[in-house]
Each structure stands twice: as structure tokens, then as C-alpha cells.
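The values are calculated or read from the model by the stated rules, or taken from the named source; none is laboratory data. It should be emphasised that the depicted structure is a prediction, and the values quoted were computed from it without experimental measurement. Methodologically, a virtual Cβ is constructed for each residue, glycine included, from the backbone with ideal geometry; neighbour enumeration extends over all protein chains shown. For accessibility, only protein heavy atoms count, side chains too; no ligands or nucleic acids. Shrake-Rupley method; radii C 1.70, N 1.55, O 1.52, S 1.80 Å.
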Amino acid sequence: MKTIPPIKRLGTKLMMYSIIVALIPIVMLGAVSINTITNEMNNQAQDKINNDLKIAESILGLKLEKLSSLNTYVATSNCIMDSIVNTDYGSLKNLATATKISSEADFVVLLDKNGNVIARSNSNVTGDDSYSELFFKAVSYDDFSFIEILDLETLKYEDVEDIVQIEIKSDISNETLIKNRAMALVSIKPVYGTLGELLGASMAVDILNNDYEIVDIVRNSSGDATTIFLDSIRISTNVLDGDERAIGTPVSNDVYTKVVEEGGTYYGRAYVVNEWYFTAYEPIYDSDEKIIGILFVGTPENKYFTLLSNIRDQTFVVGLIGLLIALTVSLLLNRIIIKPLDELKHGVQWISGGDYTKKVNVTTDDEFGMLARVFNEMADQINSSNEKLKKHAEELKESYEELKELDNLKSDLIAIVSHELRTPLTSIKGYVELVLDGTMGTINESQRKCLQVADDNIIRLRRLIESMLDLSKIERGELEMYREAMNVKDTVSDVIEYLTPLATEKNIKLKQDIKDLLINADKDRITQVFTNLIENAIKFSPANESIMIIGKETENGDVHITVKDNGAGIPKKDLEKIFDQFYQVDSSTKRKKGGSGLGLAVCKSIIQAHGGTIWVESELGRGSTFHIVLPALIYEESIVE
Ligand code: ADP
């Protein structure tokens, strides 16, 4: 029984198909959902950042507003008016200090109507015109609240050098320029007298360099990283570079170009300090609408990726569960389909091995169960038919044995009877011949005719006995062959010579076309065969016909002899049967022609005993051709010598 390789088994195929069927939707759903979630997450992250940028912007604005409102309160107070009018420097100084504290500014400066400093919160230096330019701008605006760039030269009397200084951690061309400058919330409020005349101004400044208040407020409210850039450098940030805030580090070139040089807002991914962020960058303008820096909010991609990888893990787990379910289903299918199939396969093997008694055990009520029931019924039927056949075979065997015994008895009987008949028949023939040839005295013509008929019948009887004896010998396997090298041509010529008188009686010509053909055979038996065939041809040919005997070599060197007559012919249905014992084509003609129906049976046995074949071709009414093929004689060297 051929074994099926594991991969070709139905069970394995079912399992593979189930896994494929489970995997396709899992993979597709996984891919689609991860893709959708990723896109959705990116969009949401970016939306949030964009909103948070607005929050950061408002917080910066609120801080400026707070500074401005307190400054306005001071600038519009009677106290400052009186102090300026009365040039009371002492109270102006106190006012500047108090305003600084209440507005949480880094310094407050009071100016006279020419823009010259008349009081400072952080020092006692007065009389300089460090802020005159801003002062006149503020007077023209009436209310001046802006983010401005102030350089250290301007701030030299404010004692703020320490908080302004930024250590730049990059090679940039304008390092000195940025290093010595401060970005600051500046509020300047002109002070007017009772008649509306300009008396001076109050100026409150909150420096953003190294001031983390605003960025931390933004982070506390939105959770995002926030940075204020002066030009391209971080001056206030909660983005960490290692353990420290990344103060002094520059913005990426892409962002700088987009925001500072082109004046646009940058949204999207950006590399911030040392990792990728979802970001939003917006320009910061001064009072001249000039871009002086950037406001940034961002959130690291990392935390979204962690979320995404969690989702991926979960999808993987769900996929794994799906696969396990598919495997379980395929195992169940295996039980439902493969087991009954296996049972049926065993059933078929039992039957092909000849065991019809075993039953296939499938008890399900599905198609397999039905198939198994039908299979078992079929096995039952085969079994009972087999039993019957066995019984018949037994009976046939018994009948055969009986027939064989009878046949043996028949052969024995024929042998005994033939043998016993032959001796007295020879004696009878001898005496009839003695009387016929006149040895016993003269006989008259009618006596001679009667004796001649008796002699002919004795000859026929003797030939019948000879044939019967031959057949019984053949059946008992006692027919002996005395083989020798013989020339078929000579034998045929002898037979023709012998039968010529018989043929002449019917004016039939016996012609031969035969070569010298040597065979190794029993000459007497082969003579018997040719005699029988030619005699039959004469017997079944009308008068004045001819009979042709041809002998030649076949392609493979055998000897092929044909005896062809133009006689009655043999019906197709009888062609095979005429070689059977006692078979004659037409029982009505047999009486006319005589014969026993044994001749061809003996011929066939003799030819087969020589390893040859005999057959006939015939056309009814046109004649018959008997063929004999015998193996040619092969000389071996020893024989030649
Ligand atoms: P028989 O002694 O009757 O001739 P055979 O065995 O020699 O017995 O022949 C069997 C039968 O085959 C014949 O009775 C005859 O019917 C048929 N047969 C044999 N040879 C010829 C032939 N040459 N032409 C026609 N029929 C033939």
C-alpha cells in the first residue's frame, strides 16, 4: 500500500487551508486598522499640537497683558504724575521698585517727557536716554505692549546681565549678536498731566531669556514641550538636552527657513534636540512687525509609537488567537472528515485483501455515516457472493474431478478396446486379402466386390482405432516422439506420392511448391499430419480441382507449410472447433464423406508437441487453407561435426 506523504494528506491540506482562511482577514484587518490608527493618531497629535500652539500664544499674550495692565495702573496714578511734576526722585525710585515687584517684571524704568531715565528699579543711574527710541514709539502708539529685542548695551544699567546671558551650544555665525541680546516683554505707558500734557512714561520689562515661567505654564496646561527662540537659539524651553534644559541649542535649518526667513508657520514632524516630535512653530514679531524669534510647542513621537506598538502587539495577540481558533477548527474538521475517511480506507484495504467480514466503524448520521453503512452492506453482499462462489468452485472442482476420472476411464476404455480390436482386425484383413488375391481359390466378381467393400471398411476401422489410440496416448501423455533431422520437402513428396491414386480417382491434381526445409521432428508423426491434411483436402474438394502444398521459411526462420484446396470450405463459426475431438462440420455430410472427426485433433496435438502451431483459413464454398508453422532445425557445431 502506497503511503501518502504528510504534505499531501487531506488533514494537512485542511489545516493549511483553515490557517490561510484565518490569516487573510487577520492580516488584512490588522494592516487596515494599524494604518487607520496610525493616520488617525498622527492627525490627532498634529491637531493637538496646533491647538496647543494657540494656547502657548495666549499664555504669552496674557503675560504681556498682565505686565501691561499693572504698568498702566502705575502710569495713570496721581502719585507718578506728582512725583514727575515735583521731580521727586526719591518717590520715583520707590515707585519703580514697587511696580517691579507687583508686576513681577525684571526691571522697571521711569522716563521723563524727553525719554530720559528718571528712575530705575534695579539701580540708581539716571539721566541716560537708553530707551528714548522706544519711548517715542510708545508715545505715538499711546499704549506699547510688545515683545522686543534689547541688547546688553541698552540694558547696561539694569543689572540683568546674569539672566540675559545665554551659552550658545552651536557654531552659528551671529553668535555674539544673539548672546548679548535679550528677548523681553516690554510695556511702556506714557504718563500725562492733568491737562493732558506729556510728562514721561513708565516702562516695565520682563526678560524671557532663561525665564521658564511661560514655557512651564504651557506645559502644565497642555503637557507639551514648549520653547521660545531668540532668532534661532533656545532661550526659554522645557525641552531637555540630557538632564538640563536645552538652552542655547539651535532650531533645525528647515524650521528656521520656513518660520524666520519665510515668515510661515511650521507644522509636522521635526527633529528637536535629540528626538523626533510632532511640532508647531510660529514666528514671534516685535513692534516693527519684524520676526525676532520663534514660539514652539511639540510632543515626542515616541509616546505615540509606544501606543502604536501596543496596538500592534494587541493585533498580533488577536491574530494569534484567530490562528489558534483556526487550528482548533481544522483539528475538529480532521476528526469529522479524516477519521471516517481513514476508516473507509481501511475497509477498502480489507476488501482488496480478501477479508469481507470486517466492518467499517463510522456511526455518524452524516454522509460519511451513510457511506459507511452502504459500504458495510456492499461488503456483506460481496461476502455472501464470495461464499456462494467458493461453494460453486468446490462443486465445480468435485465435478471436474469426477469428469477427469470418467475421462481417464474413457481413455483407458478406448485404449483397451482399440488395442483389443486391432489384433483381430489385422487378422481379419489378412484373411480377406488372402481370399481377395485368389490364394484361397477363385472367387467370382460379386464375391470380389463384397470382399473389397469389407476390406475398405476394415481399413477405415483400423484408421479409426489408430486415431483413438493416438488420442488416448496424447491424453495420458504417453505419445512418444522420436525426433530426428528431416526434410519437410521429402516428407511432403512421399505423402503426395502415396495419395496420388486417391486424388486421381477424383481427377484432382496434387501440386507442390516447397523448398528444402529442415526440421527436427518425428518423421512418422509429421507424415501422419500431412497425410491427414491432404487427404481431407482431397475428400472435401470436388472432382477435377487441384490442391497446392507450399513450404517456405518465415521471416524469423521458422518453417511454414500450407495445404490449400478449392473445396467446400468451412463456416467461420467452426474454424476453431474442427480441431476438437470428434468434431465434424456438418453431420449430414460427414456420412457422405466418412471420417471420425479425430484427425485434426491428433494433428494439433502432434504439431503442438513439436512446439509448432496449426490453424485454418477458409471461405465457405471457395476452399480452405491449413497452415502449419514448425521451428526450423538449428545446427549446433557439435551436430555438424
Ligand atoms: P474427419 O475424419 O471427419 O475428416 P478431421 O478431424 O480430419 O476428421 O476433420 C474434422 C472436420 O473438419 C471434417 O469432418 C470436416 O468437416 C472439416 N474439414 C477438415 N478438412 C477440411 C477441408 N479441407 N475442407 C473442408 N472441411 C474440412
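Structural remarks
- Among the residues of segment 352-404, just one is closer than 27 Å to LEU333 by Cα, in contact (Cβ under 8 Å) with a residue 24 or more places away in the chain and β-branched (Val, Ile, Thr), namely THR364.
- The set of residues in segment 384-438 that are among the small types (Gly, Ala, Ser) and under 22 Å from GLY477 (Cβ atoms) comprises SER411, ALA415, SER418.
- The number of residues in segment 170-196 that are among the polar types (S, T, N, Q) and without any contact (Cβ under 8 Å) to a residue 12 or more places away in the chain comes to 2.
- Count - residues of segment 355-381 that are among the aliphatic types (A, V, I, L, M), surrounded by 13 or more Cβ atoms within 10 Å (Cβ to Cβ) and assigned to a helix (DSSP H, G or I): 4
- Count of segment 215-224 residues, restricted to those that are at pLDDT below 90 and open to solvent by less than 50 Å² (accessible area, probe 1.4 Å), is 4.
- Scope segment 229-245; condition over 19 Å from PHE278 (Cβ atoms) and not charged (D, E, K, R); matching residues: LEU230, SER232, ILE233, ILE235, SER236, GLY242
- Scanning segment 148-203 for residues that are open to solvent by 50 Å² or more (accessible area, probe 1.4 Å), among the polar types (S, T, N, Q) and under 17 Å from ALA105 (Cα atoms) gives no hits.
- Of all residue pairs spaced 6 or more apart or on separate chains, those with beta-carbon atoms under 8 Å, a first member in segment 23-44 that is open to solvent by 60 Å² or more (accessible area, probe 1.4 Å) and a second member that is assigned to a helix (DSSP H, G or I) and of a type in the set (A, V, I, L, M, F, W, C) are LEU23/LEU323; LEU23/ALA326.
- Residues located in segment 62-109, provided they are within 20 Å of MET183 (Cα to Cα) and either of a type in the set (Phe, Trp, Tyr) or not in a helix (DSSP H, G or I) (or both): GLU104, ALA105, ASP106, PHE107, VAL108, VAL109
- When restricted to residues that are in contact with a helix residue (DSSP H, G or I) (Cβ under 6 Å, 6 or more places away or on another chain) and within 15 Å of the ligand (Cβ to nearest atom), segment 546-569 contains 4.
- Residue pairs meeting the criteria (Cβ under 9 Å; at least 6 apart or on separate chains; first closer than 16 Å to ILE37 by Cβ, in segment 290-305; second in a strand (DSSP E or B)): GLU301/ARG269; GLU301/GLU275; GLU301/TRP276; GLU301/TYR277; GLU301/PHE278; TYR304/PHE278
- One residue alone among PHE540, PHE582 is within 13 Å of the ligand (Cβ to nearest atom), at positive phi and in contact (Cβ under 8 Å) with a residue 12 or more places away in the chain, and that residue is PHE582.
- Complete set of residues in segment 511-537 that are surrounded by fewer than 21 Cβ atoms within 10 Å (Cβ to Cβ) and within 16 Å of the ligand (Cβ to nearest atom): LYS511, THR527, GLN528, THR531, GLU535
- Qualifying residue in segment 560-571 (condition: at pLDDT below 90 and open to solvent by 60 Å² or more (accessible area, probe 1.4 Å)): no
- The criterion of at least 3 residues that are among the β-branched types (Val, Ile, Thr) is met, among strands (runs of 3 or more DSSP E) falling completely within segment 171-233, by 181-192, 225-230.
Per-residue answers, yes or no, for (1) of a type in the set (Ser, Thr, Tyr); (2) outside any loop (DSSP other than H, G, I, E, B); (3) surrounded by 15 or more Cβ atoms within 10 Å (Cβ to Cβ):
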residue: THR257; (1), (2), (3): yes, yes, no
residue: THR299; (1), (2), (3): yes, yes, yes
residue: SER309; (1), (2), (3): yes, yes, no
residue: GLY319; (1), (2), (3): no, yes, yes
residue: ALA326; (1), (2), (3): no, yes, yes
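- Looking across segment 587-619, just one residue is open to solvent by 70 Å² or more (accessible area, probe 1.4 Å), in contact with a helix residue (DSSP H, G or I) (Cβ under 9 Å, 6 or more places away or on another chain) and at pLDDT below 90, and that is LYS593.
- One residue from ASP241, ASP206 being among the charged types (D, E, K, R) and open to solvent by less than 50 Å² (accessible area, probe 1.4 Å): ASP206
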